Structure formats: C-alpha cells, structure tokens
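Engineer: Just dropping this structure here.
The values are calculated or read from the model by the stated rules, or taken from the named source; none is laboratory data. Only a predicted model underlies this, so the values are computations on that prediction, with no experimental measurement involved. With ideal geometry, Cβ positions are generated from the backbone for all residues, glycine too; neighbour counts draw on all protein chains shown.
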Number of protein chains: 6
Amino acid sequence: MNISARNALKGTVTDIAKGQIVAKVKVDVGGQTVCSIVSVEAVDDLGLKVGDEISAIVKATEVMLAK
Amino acid sequence: MNISARNALKGTVTDIAKGQIVAKVKVDVGGQTVCSIVSVEAVDDLGLKVGDEISAIVKATEVMLAK
Amino acid sequence: MNISARNALKGTVTDIAKGQIVAKVKVDVGGQTVCSIVSVEAVDDLGLKVGDEISAIVKATEVMLAK
Amino acid sequence: MNISARNALKGTVTDIAKGQIVAKVKVDVGGQTVCSIVSVEAVDDLGLKVGDEISAIVKATEVMLAK
Amino acid sequence: MNISARNALKGTVTDIAKGQIVAKVKVDVGGQTVCSIVSVEAVDDLGLKVGDEISAIVKATEVMLAK
Amino acid sequence: MNISARNALKGTVTDIAKGQIVAKVKVDVGGQTVCSIVSVEAVDDLGLKVGDEISAIVKATEVMLAK
C-alpha cells in the first residue's frame, strides 16, 4: 500500500519509553533525532525494538517551518 | 524562545509552490526530502526562498512509524 | 509495511476535487462519508480515481469524540 | 453548535483504557473499529462509558489515504 | 453535543479568505488573533461571515508551548 | 527564529499535570483557558512552572471552528 502522507523518513530506532497508553520512540534519521509519540498498542503491534530500521511518517500539513 | 515540539530538523529549502491559501514547501534534510504544507501568509512572513537554511518543526504526537 | 496509526477505515472513493496545492477526497466508509484533505501531489502519486478501494488512515491522537 | 470538522462518524464505544493523562477509546463504526486518544479529563467530562452512542470527529486535514 | 477537544476559545470572525479547497479564517479572541485553515465547504456549511460569534476549537494534543 | 505556525497566544501557565510520557499544561489566555498535551520531556526541557509567561503555539490547519 502507498500512503498519501508526503514524509517517510528512513531511520533507526534508538530509544523506546512506554507509558500506560502512549510511548515515546526516538529514531536516528541521518544523524538527526526524530521523536514520535504513538500508542503503546502500536509499538507492540509493530514489534518495535531498538535497532529496527523504520520510516517516520508525517503528513505534510503537520510540518511547520522556522527561519 | 524554545518550543515544546520535539522535532526540529535542519535542512535547506529546495522548492516552494504557492496556491491561494496554502503553499507546499520542500526541504532537503540530510539527503531526504521533507514536504510541508503551510499558509502562503507564513511563507511570505518568513520571507522563505529556495536555498534558505530552515528547521522543519513537527510535534511528536504527529509522527507515525512504519515497519 | 505496517503503520502505527490505529485507524485504517476501508472505503470507496466517491469524489475528488483538486485545488492548486491540496485536494478534497470523499470516501464512502460503510455508508458514512469520510472527507480527507491531502496534497494534489499525493492524489496524483496514488493515481486516485473515483471508485478506487482505499483505506482512510487517521492517527488515534487526531480523533476527537462527541456525546 | 455545528463544527467545521468534516468527519463525524457515528458509532458505539466498545472499550476505554485510562492512563494518567490520556485515555484510549475504541468505537465501533459500522463494523470497523475507530481508536481515539483523548485526555482522561475529556473522558470524565463527557461521562463516557462502554455502550455510549457517540460521534468520532476528525478534521479533514488529518485524514490520510492509502491505496 | 459536547466534544472531547479541550480548547473552545470564544471569539469574533474578523476575516475570511477563500481558496478553491481551503479557506483561511481569522478570529479575534480577546484581542489576540487566531487563524484557522478549514475547508471552503465547512465555511459555506456554517454560513460563516465576518462578525460572527464563534468558537475556535483545538484538540489539546495539537497545542505546543514556547518559553 | 520565526515559525510558520500562525497562532502564538500569549498566556500564563496555571497548571501542570505530568504522566509518564505526556503532560497536560493549562494556560490562562486573556481569561480563557488553553489546554496543551505535550511530552514530559518538553515540560522539563523548557523548565515550565506555574506562573510562567509562555506562548501557546497552534498550526492554523489544526484549528476548527464551531458556530
């Protein structure tokens, strides 16, 4: 399946911190860190572990710019 | 000012396409392309131009993961 | 690839209206209409047409509830 | 009051899991499950319970498409 | 109907600019301007006009903080 | 740095409730309460405390309208 979201940044999971409902996952994307907050359910469903090669997906309308 | 958003990816503006209300801005972030849709007003306020060094800002709750 | 977004609603594209930068796509999901605003680029990349079977993907943090 | 959000999917609450700050609520929408993450405060304010008839509200700009 | 979104800021519509698919609506909220980008369809459905008393609704997970 | 987000509402932090991963922060904006859910990491990084003067930042595409 292809998704309409314009951003799919390839990276490696470097850290996973789980709460009760949501988890914070850090991903190394070409030397910059991307931080994602997703449901614990999603982390478990995807079987996410540190070291996994993943894509960080972001809809273009959610990306702001600063200069 | 520091912002709570966890993601500030440094990159270079490579393309700007303006509509009437929103614009699509592409940013090279370490060889991967980040696409942002923001208001034309914001593009004009920031004086954005191709070649600008900027940060792509994303709140962690807006980042999904795919594996 | 599996995505962390918890919502993937199966439906049929019923309408596509394109602007310059974004497009509005309507999807019939079990008799209820889901409306999506995505980039025109995404509509073209996915080759979306009325009648297509697709999934409407929504991150759980973007879903509000009303009672 | 009418809201600008284009998506109001009618369904029935099937599960509520509360953390300290946020809660995960599952809703049956015509046989497909919609998952929402909202504040515990909102769940308590709305007096949400399993079996409630509710609407899942999503802004069109938050809906992605996959094909 | 009550909605789970935690933010409902009362204000007055001061400006509406319509594109083909989305519109930019400005709202005076106690002397500060709130800017919203919603679908033209929503503006027409709500019959929005300058001078209208409305609420600007924002899900708490979409609010960032800067200090 | 200037950010593309169109909404920067000045206010005072009135309450902070921390969970494991996310925190709920309440801000008084001209007599109306704005509620934000951000990562605990962000609250700690910004050194947020009740009484702080801050800005509540919201991207225009995340603001809905109700009438």
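Engineer: Mind checking whether some residue in segment A:32-52 is buried (at least 21 other Cβ atoms within 10 Å of the Cβ), farther than 23 Å from residue D:37 by Cα, modelled with pLDDT of 95 or more and of a type in the set (D, E, K, R)?
Structural biologist: For segment A:32-52, residues buried (at least 21 other Cβ atoms within 10 Å of the Cβ), farther than 23 Å from residue D:37 by Cα, modelled with pLDDT of 95 or more and of a type in the set (D, E, K, R): absent.
Engineer: Within segment C:34-62, which residues are over 25 Å from residue B:16 (Cβ atoms) and touching a Leu at 6+ places or on another chain (Cβ under 9 Å)?
Structural biologist: Within segment C:34-62, C:34, C:52, C:54, C:55, C:56, C:57, C:58 qualify.
Engineer: Scan segment D:23-59 residue by residue and report those that are farther than 30 Å from residue E:25 by Cα and in contact with a helix residue (DSSP H, G or I) (Cβ under 9 Å, 6 or more places away or on another chain).
Structural biologist: D:23, D:24, D:25, D:48
Engineer: Oh, and also: Does segment B:44-62 contain at least one residue that is at the interface with chain A (Cβ under 7 Å from one of its Cβ atoms) and of a type in the set (Ser, Thr, Tyr)?
Structural biologist: Taking every residue of segment B:44-62 in turn, at least one turns out to be at the interface with chain A (Cβ under 7 Å from one of its Cβ atoms) and of a type in the set (Ser, Thr, Tyr).
Engineer: Something else about it: Being in contact (Cβ under 8 Å) with a residue 24 or more places away in the chain, more than 17 Å from residue B:5 (Cβ to Cβ) and assigned to a strand (DSSP E or B) is the filter here; which residues of segment B:30-67 pass it?
Structural biologist: Result: B:53, single match.
Engineer: Quickly run through segment F:1-25 and pick out the residues that are aliphatic (A, V, I, L, M), within 11 Å of chain E (Cβ to nearest Cβ) and free of Cβ contacts under 8 Å to residues at least 40 places away in the same chain.
Structural biologist: If the condition is that a residue be aliphatic (A, V, I, L, M), within 11 Å of chain E (Cβ to nearest Cβ) and free of Cβ contacts under 8 Å to residues at least 40 places away in the same chain, then F:1, F:16, F:22, F:23, F:25 are the ones that fit.
Engineer: Of the conditions (1) more than 7 Å from every other protein chain (Cβ to nearest Cβ); (2) in contact with a Lys or Arg (Cβ under 6 Å, 6 or more places away or on another chain); (3) farther than 22 Å from residue F:22 by Cβ, residue A:28 clears all except one; give me its number.
Structural biologist: Exception for residue A:28: condition (2).
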